[in-house]
Amino acid sequence: MFLSISTVFAGSDIIVGVHIYRFDDTFMAGVRDIIKSNADGLGDCKIIVTDGKGSQPTQNDLIINSVKNGAKAQAINIVDVTAAPIVLQKLQKLGVPAVFFNREPDSADMPDEGWFYVGAMAEESGRLCGGMIADYFEKNPTSDLNRDGIIQYVLLMGERGHQDTIYRSEYSVRALQERGYRMELVAAETANWQRVQAQEKMSSWLNSYSNIEAVICNNDDMALGAIDALKAAGYFTEGRYIPVVGVDATAPAIEALKEGTLLGTVLNDAKNIGKATFQLSCLLAKGEEINQNNFDYTISNGRYVWIPYKKVTKDNYMDFER
Ligand code: BGC
């Protein structure tokens, strides 16, 4: 089988395997770039970067192959989180530790030793999304189009089983309910984090329902897809507006905030997720003890590095432009 491995050489011979679930994911492309620039900049470890292409069997081969090529630690953005325990058991037999990132294994299924997780608390991003919609309705009560005192919303979800899909969906709605809003789900579907899939779902909902008052999306690419569909249906002109929120604060999302189509997003901090993942896996590869002098982040419960989210709206997007 052809294994697509690209190697980035840095200053030393210690190697870390970096495995991305798929290269064509917008957010993960950003994290990958940060990991590469850290490897280039810090020069402590070389990295072997692989594309799982959305297939766990492919990623398994790539992981094992990188060990054969000398990787002493693995940074894994796992395709299928339920495969994490098996992957880790294999690595433990080979004496190789792992840092999972962005896609969180269920700790109940995992061995006690040999792994870390770097990511963000999904619940927090959900709450921030719900909060932005609540702020909007507070300032614009007439956006309750049918004046029934209930927010009719649609939900565009990420991949099934992903912690960010589950918690962002649940907590965005909860945050609105906690602010006193009654919520009614008009339609919800997964669009697998992808813009085109989201655009298709949103167009079909706009054809089927006339009462949609808010669009909650689990990431920015899907929010942009929803906006594409809304624009095609004549929204964002002549005062026709529906609030849309996403998560990630990607560059195109910031553009949409500027143009006034996207109501808000949440910074999913690729810079720090990438940096923490690289630093930690490089320290593990070198067999060094991790402490406050050599690691810039806090480790909770022996294995979790949590990178905070931040709310991004038209009032503060300038701070997040790249
Ligand atoms: C991001 C998504 C991305 C996914 C990949 C999430 O944290 O918000 O944009 O597709 O991670 O695992």
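Structure data summary
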| read-out | value |
| --- | --- |
| Over the chain, relative contact order from alpha-carbon pairs under 8 Å, at least 6 apart, % | 18 percent |
| Mean separation of Cα contacts under 8 Å (6+ apart) over length of region 122-267, as relative contact order % | 26 percent |
| Any cysteine of the chain lacking a neighbouring Cys Cβ under 4.7 Å - listed by number | CYS129, CYS217 |
| Within the chain: Cβ-based charge dipole about Cα centre, in debye rounded to nearest 20 (Lys, Arg +1; Asp, Glu -1) | 340 debye |
| Solvent-accessible heavy-atom area per residue, rounded to whole Å², over the chain at 1.4 Å | 44 Å² |
| Burial ranking of peptide ranges 289-302, 37-50, 141-154 (average Cβ count within 10 Å, highest at the top) | 37-50, 141-154, 289-302 |
| Selection from ASN272, ALA256, ALA285, by position along the positive dipole direction of region 247-287 (Cβ) | ALA285 |
| Of all DSSP beta bridges in the chain, antiparallel share, percent nearest 5 | 20 percent |
| Gain upon complete extension [SER300, ARG240; 0.36 nm per residue less C-alpha separation] | 17.0 nm |
| Set of lysines near LYS68 by C-alpha distance (under 26 Å), chain-local residues within fewer than 8 positions excluded | LYS36, LYS46, LYS53, LYS90, LYS93, LYS275, LYS286 |
| Full-stretch length increase - GLN292, ALA29 - with 0.36 nm per residue and alpha-carbon distance subtracted | 91.8 nm |
| 25 Å Cα-Cα reach of LYS231 towards lysines, excluding residues that sit fewer than 8 places from it in its own chain | LYS139, LYS201, LYS258, LYS311, LYS314 |
| Qualifying GluC sites (Glu not before Pro) for region 147-243 [loop in DSSP, other Cβ within 10 Å: at most 16] | GLU238 |
| Lys, Arg +1 and Asp, Glu -1 on Cβ, resulting dipole of region 122-267 about Cα centre, debye, nearest 20 | 200 debye |
| Within the accessible area of the chain (1.4 Å probe), percent carbon and sulfur | 48 percent |
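The values are calculated or read from the model by the stated rules, or taken from the named source; none is laboratory data. Because the structure is a prediction, the values reported are computed rather than measured. As a convention, Cβ positions derive from the backbone with ideal geometry for all residues, glycine included, and neighbour counts pool all protein chains shown. Surface areas here come from the heavy atoms of the whole protein model, side chains and all, with no ligands, DNA or RNA. Shrake-Rupley method; radii C 1.70, N 1.55, O 1.52, S 1.80 Å.
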